[in-house]
Amino acid sequence: MEEIFKIAVFFDSENVPADKVPLIIDYLSGKGDILFQRAYADWSVSNTKSWKDQLNKTPITAIQQFHHNEKQAVDKLIMMDAIEMAINHADINLFAIIASDNGYHSLALRLRELGKRVIGIGEKAKCNPIWIKSCNEFSYLEDLDEKDEDILLSEKNENDEDVNLKDFSLEKFIETAFESTPFYNGTNTKLLSQIWETIYRQKSDFNVKDYGVKSPRELILKLNSKFKLTDDGKPQRTFFVEKTDLKENEIRKTGVIKRRIKNYRIISADDKSGDYFFYMGEINPRFKSNKLDKGTKVDFQVVDIPKASDSENKNGRATDVKVIG
């Protein structure tokens with residue numbers, strides 16, 4: 001049986017950029033359930049403003065530590081608190097130490113001696129091999145995927161094209177939450193309840209009723225072209241979600257970017273077959289730096305062909321988009 005991680009996160013806020021916090025939380029959320037989040041610094045100094053702003057948006061407990069002319073005062077407090085938590089909280093089995101300070105290697109080794117798994121996260125240019133190798137797993141801040149705050153479109157209007165794009169953005173939002181949720185016990189399914197925990201971490205005011213359904217289960221059933229919902233058959237049912245990737249056509253087309261809405265684009269196909277939506281994350285990797293402004297000529301692979309008779313699917317879907325002019 002796959003181990004379910006209960007996570008404690010310790011930020012050394014004096015050597016971690018505040019703007020990386022959402023990426024870190026999103027990355028760790030995909031590994032299990034975060035129970036503790038603590039950020040340590042001398043909050044009385046002026047250069048912590050960016051972190052204070054971040055703490056007003058993120059549910060992290062701020063821990064104050066004056067330096068008292070001691071350079072490593074914050075490091076020592078993190079070490080003491082982490083060891084105390086490891087001893088007193090048997091349920092916490094994964095410790096994430098967010099720091100580029102190489103002095104934390106001794107903490108990582110001690111936590112592992114206590115039977116805990118340790119993840120370190122820091123900046124490439126600042127982390128020495130001893131800190132990296134002391135952890136079970138280490139990730140660089142620079143390698144964490146950027147989180148798209150605008151992936152879910154909420155604008156409501158009477159334009160059919162926008163309504164269809166909003167539905168497409170909902171699908172991409174749920175897909176992103178699915179990808180950030182751990183698999184269940186080594187299967188290719190994920191718990192519906194855990195997916196929804198991930199959704200609420202990403203957007204705490206998300207409400208399924210905005211999409212014409214009454215429950216998460218109904219919403220997944222509505223997205224049956226992308227997800228499959230099953231249950232364990234017991235009286236108190238547990239629901240599982242499996243991603244069913246759309247099979248891409250071998251058809252490729254060319255067209256022109258007709259419209260851009262946040263991180264979505266609409267292609268008008270040259271062969272007059274219709275319009276095709278795509279999310280910027282589906283650009284061919286060689287063209288990731290291109291903004292794909294209106295008028296850009298592109299080549300793309302067809303995922304779904306427009307169906308004029310189907311008001312819910314009147315626009316096609318595109319992927320592997322390449323700039324050709």
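The table below gives the values:
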| quantity | calculated |
| --- | --- |
| Top-ranked residue of segment 260-289 - restricted to ones that are polar (S, T, N, Q) and within 17 Å of Asp145 (Cα to Cα), ranked as nearest to the chain's Cα centre (by Cα) | Asn263 |
| Which numbered condition Lys214 fails, given (1) surrounded by fewer than 16 Cβ atoms within 10 Å (Cβ to Cβ); (2) in the same structural domain as Arg317 (by TED's automatic domain parsing) | (2) |
| Single residue of Ser273, Ser180, Ser268 found to be outside the structural domain of Leu28 (by TED's automatic domain parsing), touching a Pro at 6+ places or on another chain (Cβ under 7 Å), surrounded by 13 or more Cβ atoms within 10 Å (Cβ to Cβ) and closer than 30 Å to Asp299 by Cα | Ser273 |
| Segments classed as strands (runs of 3 or more DSSP E), wholly inside segment 1-95, with at least 2 members that are over 18 Å from the mean Cα position of the chain (by Cα) and β-branched (Val, Ile, Thr) | 61-64 |
| Answer from Ile63, Ile132 - the residue that is surrounded by 15 or more Cβ atoms within 10 Å (Cβ to Cβ), touching a Phe, Trp or Tyr at 6+ places or on another chain (Cβ under 6 Å), at pLDDT 95 or above and farther than 22 Å from Ser29 by Cβ | Ile132 |
| Among (1) in a loop (DSSP other than H, G, I, E, B); (2) modelled with pLDDT of 90 or more - the single one Ser311 does not satisfy | (2) |
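Here is a yes/no grid of residues against (1) acidic (Asp, Glu); (2) crowded, with 20+ Cβ neighbours inside 10 Å; (3) closer than 27 Å to Arg201 by Cβ; (4) without any contact (Cβ under 8 Å) to a residue 60 or more places away in the chain:
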{"site": "Ser44", "(1), (2), (3), (4)": "no, no, no, yes"}
{"site": "Pro59", "(1), (2), (3), (4)": "no, no, yes, yes"}
{"site": "Val74", "(1), (2), (3), (4)": "no, yes, yes, no"}
{"site": "Ile78", "(1), (2), (3), (4)": "no, yes, yes, no"}
{"site": "Asp81", "(1), (2), (3), (4)": "yes, no, yes, no"}
{"site": "Ile87", "(1), (2), (3), (4)": "no, no, no, yes"}
{"site": "Phe95", "(1), (2), (3), (4)": "no, yes, yes, no"}
{"site": "Gly103", "(1), (2), (3), (4)": "no, no, no, yes"}
{"site": "Glu137", "(1), (2), (3), (4)": "yes, no, yes, yes"}
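The values are calculated or read from the model by the stated rules, or taken from the named source; none is laboratory data. In this text the structure is predicted, and so the values were computed from the model without any measurement. Don't worry about glycine lacking a Cβ; one is built from the backbone with ideal geometry, like all the others, and counts go over all protein chains shown.
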